[in-house]
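Q: Sharing a structure here in structure tokens format.
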Protein chains: 2
Amino acid sequence: MQKEITIYDLAERLGVSATTVSRALNDNPRINKKTREKVHQLAKELGYRHNTIAANLRKQQTKTIGVILHEVNSYFATSVLAGIEKVTTPENFDILITHSAETAEREKANVKNLINKRVDGIIVSLAMHSHDTAHFTPLFEREMPLVFFDRVLQSADCTKVVIDNFQGGYDATNHLISQGCKRIAHITGDMDLNVYMDRFKGYQKALKDHKIKFNKDLVKVCGLNKAETTQAVTEMLEQKPDAFFIPSDFAAAVCMEILRNKDINIPQDIAVFGFNNDMLSDLITPKLSTIDYPGFLMGEMAAKTLIEQIKLRRKNKNVKDHTIVIPTEIILRESSVRKKAKTTRPHK
Amino acid sequence: MQKEITIYDLAERLGVSATTVSRALNDNPRINKKTREKVHQLAKELGYRHNTIAANLRKQQTKTIGVILHEVNSYFATSVLAGIEKVTTPENFDILITHSAETAEREKANVKNLINKRVDGIIVSLAMHSHDTAHFTPLFEREMPLVFFDRVLQSADCTKVVIDNFQGGYDATNHLISQGCKRIAHITGDMDLNVYMDRFKGYQKALKDHKIKFNKDLVKVCGLNKAETTQAVTEMLEQKPDAFFIPSDFAAAVCMEILRNKDINIPQDIAVFGFNNDMLSDLITPKLSTIDYPGFLMGEMAAKTLIEQIKLRRKNKNVKDHTIVIPTEIILRESSVRKKAKTTRPHK
DNA sequence: TCAAAAGTTGCAATCGATTGCAATTTATTT
DNA sequence: AAATAAATTGCAATCGATTGCAACTTTTGA
């Protein structure tokens, strides 16, 4: 790599100062139009490239937002990222995506790395196994603009973007009950996470409202990956459930495959209900009933809120923490509808 | 945000020079062990954070690799990223992920942005509509370490990591023929891209080897998204095909849904063959035959090669361009197997 | 005891762009 | 024509860490 051209090189050739070049390249109106054009012209000719690093150091801001995801390989994650991008791109923010592979250790490393990189703000969805959240305190100490979304800290005062998980859990369970299900198995994730805890509470409330006694043998916690789900479902079948409410479309799909292999009819013998409205929920057979999870909107809101915070911070105003709740929608499809035909919705 | 602690703050408090602090923090053996410990101790106490930006500026390297993907919302993309990470993490490289949403325009912006950010090297998979590839010349001019993977430039001398797309197309078609298919429809993507072109050539060659005359009415190019695939499949059905070879599992799944809605039996009436071995290929009914696409391995190889290049560049040695071909594997499942039962493979 | 070697530390320049303030030139007004 | 305003440009410091070179201190060896 031959050395990159700098503003000093341009300045020398044009017989002006580096200041002028810098201002010209930034289209500062203080610089004469002709000078500006000459600078741009030469910059183009010589293949000058703005050195973001030097500029960031001087300006003490990076115009970059760090995003910490627990995983990236889901339709939900990519929707969220798309939503974030929709907001950040016109505002000229870059995003730096990290993922913690569901471990607290990597989450910790990611937080550290993002601070070192001096991002202007951070958007986080917690890792599954992030019980000890001490690694976030450096962010609070710094008053770093920070928005949690989806999987959020339960305790701390902070800004959050979430869906109504309780309602989602309630709606799903309520629907299954309406289809005549009485032994509704609930295979779910780590209850330390708000998302699974709240859905579980919604599940319980729906049972209660219909005077169905809660049976703890019908609830099982697992990692919701293929292996663990397979095991959990297989074990659960001994309890003779007449429905599975598994708040993850992927895990629900795994469940359905197991049922199919055992020639169990879905939804007549056992109904299945997922969560997320993932791409695949509309492609598998039977199509999966689920709760639509507006990832794009969540990403949008999170980014919007964060950028507001960043702007306030620059003006040294202080920030009010608040919680934004995004509405969800129940999507009824073949896997759970036993009675009268209802219209199903296409995947959006 | 109160101001961040710098090495100068630490230096002052400890009554040593910033040089010593810097060296201590980097565990430079030239610094006395006791001094080093004192520095680390104070750094921890005061919540010092290394300023990557300043360090990058001085060191003229960012230890960051830029990745330009055409899309990120696929199992393949996340596999590739995981493969890249596996290599970069132990080498202490960060990755900066950008995606071009299949447009040349965004690809161009991404290239520019990554140069401005002074990444040490770039890994690229081309956008679907990236015909004019002039925006890559600044990279060649700079002799920027650069590895293309999957969707690669056909012309330029550069390092590439690809699969044997020809063989994949050949194997798929050959298998369909072995199942008695004679009118094999091929719905595929932009032929300017090596991946679709080579698979098409494989398709043609297989037909030829079995003395089946090539029929251009059975080939249709589209964007392979849901809407375009739906249209293409619907139109294609007028040609009365007895098989679909659609080199994208997602698009093949869309196709299967259409066939199912028309009560067309798969694979007896029409066999379907995909490409990628995506997560969903194993979850849909019937399970989809496909070509396994070792994304993880491709990511790994691309990153490995790139880091080699980066290291050579630092020593001012020059780099030999070469092409790495990763083997693929045919995965036979229910959607295409008409005759004798064959063992199916689980998704890896 | 003194010179050479090894161990520690610091000076000062450097990376490249930005920006407050001042200086200079040009245009406008009276 | 002089005074004032407006437009244009530059000086020099700054952001925070790194590093070649030199200096200083301590240890080692004869």
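Bear in mind these aren't lab numbers, they're just calculated from the coordinates by the rules spelled out. Computed from a predicted model, the values in this text were never measured in an experiment. Using ideal geometry, Cβ is built from the backbone for each residue, glycine included, and neighbour counts are taken over all protein chains shown.
Q: Subtract the Cα-Cα distance of B:Thr19 and B:Gln239 from 0.36 nm times their separation in residues, and report this length gain in nm to one decimal.
A: Extra length available between B:Thr19 and B:Gln239 comes to 71.6 nm.
Q: Counting alpha carbon pairs within less than 8 Å and at least 6 residues apart, what relative contact order, in whole percent, applies to the stretch A:7-50?
A: Once normalised by length, the contact order is 31 percent.
Q: Which value, in debye to the nearest 20, describes the size of the charge dipole of the protein assembly as shown about its Cα centre when Lys and Arg Cβ atoms bear +1, Asp and Glu Cβ atoms bear -1, and nothing else is charged?
A: It comes to approximately 1420 debye.
Q: What does the extension gain come out to for A:Met191 and A:Thr137, with contour length at 0.36 nm per residue minus their alpha carbon separation?
A: Working: separation 54, 0.36 × 54 = 19.44 nm, distance 2.27 nm.
Gain on extension, A:Met191 to A:Thr137, equals 17.2 nm.
Q: Shape call for the protein assembly as shown from the C-alpha gyration tensor, a ≥ b ≥ c root eigenvalues: rounded (a/c under 1.5), prolate (a/b greater than b/c) or oblate?
A: oblate
Q: Let me ask another. Any chance you could check the Cα centroid distance between the stretch B:231-309 and the stretch A:287-303 for me, in angstrom?
A: So the separation of the two Cα centres works out to 26 Å.
Q: Length gain on complete extension for the stretch A:Ile258 to A:Lys112, per 0.36 nm per residue less the alpha carbon to alpha carbon distance?
A: Roughly 48.4 nm would be gained on extension.
Q: To the nearest 10 degrees, how steep is helix B:295-314 against the longest Cα principal axis of chain B, on a 0 to 90 scale?
A: Its long axis makes an angle of about 40 degrees.
Q: So what's the back-of-envelope 222 nm ellipticity for chain B, counting only DSSP H runs of four-plus at -39500 (n - 2.57) apiece and dividing by all residues, rounded to 500?
A: Details: 12 runs with 144 residues, N = 348.
Rounded to the nearest 500, the figure is -13000 deg cm²/dmol.
Q: Have a look at B:His50, B:Leu10, B:Ile31 and report the one farthest towards the positive end of the charge dipole of the stretch B:7-50, computed about the Cα centre with Cβ charges (Lys/Arg +1, Asp/Glu -1).
A: B:Ile31
Q: Which shape class applies to the stretch A:165-292: rounded if a/c is under 1.5, otherwise prolate when a/b exceeds b/c and oblate if not, where a ≥ b ≥ c are the square roots of the Cα gyration tensor eigenvalues?
A: Note, shape of the stretch A:165-292 comes out rounded.
Q: If you don't mind, another one. When you look at the Cβ of every residue in A:67-78, what mean number of other chain Cβ atoms sits within 10 Å?
A: 3
Q: Continuing with this model, one more query. With +1 on the Cβ of every Lys and Arg and -1 on the Cβ of every Asp and Glu, and nothing else charged, how large is the dipole of the stretch B:165-293 about its Cα centre, in debye rounded to the nearest 20?
A: Result for the stretch B:165-293 is approximately 520 debye, rounded to the nearest 20.
Q: I would also like to ask the following. Set the Förster radius R0 to 51 Å, insert the Cβ-Cβ distance between A:Asp321 and B:Arg58 as r into 1/(1 + (r/R0)^6), and round the FRET efficiency to 0.05. Working shown, then result.
A: On the way: r = 38 Å, r/R0 = 0.74.
Once rounded, the FRET efficiency stands at 0.85.
Q: Using only alpha carbon pairs under 8 Å that are at least six residues apart, calculate the relative contact order of chain B and give it in whole percent.
A: Contact order relative to length: 17 percent.
Q: Looking only at other chains, what is the average number of their beta-carbon atoms within 10 angstrom of each beta-carbon in B:113-122?
A: Mean inter-chain Cβ contacts per residue within 10 Å come to 3.
Q: Additional query: Between A:Lys182 and A:Gln154, what is the label-to-label distance in nm when each label sits 7 Å out along the Cα-to-Cβ direction?
A: If labels sit at A:Lys182 and A:Gln154, their model points lie 3.3 nm apart.
Q: To make sure I understand the rule: partners must be lysines, Cα under 20 Å from the Cα of A:Lys34, and not fewer than 8 residues away in the same chain. Which ones qualify?
A: Correct list for A:Lys34: A:Lys44.
Q: Can I ask one more? Hey, what angle do you get for helix B:194-209 against the long axis of chain B, alpha-carbon based, 0 to 90 degrees rounded to 10?
A: Once rounded, one gets 30 degrees.
Q: From the residues A:Pro247, A:Phe214, A:Met279, which one has its Cα farthest along the dipole of the stretch A:165-292 in the positive direction, the dipole being from +1 and -1 charges on Cβ of Lys/Arg and Asp/Glu about the Cα centre?
A: Value: A:Phe214.
Q: Could you give the dipole magnitude of chain A about its Cα centre, charging the beta-carbon of Lys and Arg +1 and that of Asp and Glu -1, in debye to the nearest 20?
A: Numbers: 51 positive and 42 negative charges, 248 e Å.
With Lys and Arg at +1 and Asp and Glu at -1, about 1200 debye.
Q: Over what distance in Å are the Cα centres of the stretch B:143-164 and the stretch A:137-186 separated?
A: The two parts, judged by their Cα centres, are 44 Å apart.
Q: Taking square-rooted eigenvalues a ≥ b ≥ c of the alpha carbon gyration tensor, is chain B rounded, prolate or oblate, where a/c under 1.5 means rounded and, failing that, a/b exceeding b/c means prolate?
A: Prolate is the answer for chain B, as a/c is 1.5 or above and a/b outweighs b/c.
Q: What's the average, rounded to a whole number, of partner chain beta-carbon atoms within 10 Å of each residue's beta-carbon in B:47-57?
A: Whole-number average of other-chain Cβ neighbours for B:47-57 is 6.
Q: Using a Förster distance of 45 Å, how high is the FRET efficiency between B:Lys3 and A:Asn32, based on the Cβ-Cβ distance and rounded to 0.05?
A: 0.75
Q: Order of B:148-155, B:217-224, B:28-35 by packing, highest average Cβ count within 10 Å first?
A: The most tightly packed comes first, giving B:148-155, B:217-224, B:28-35.
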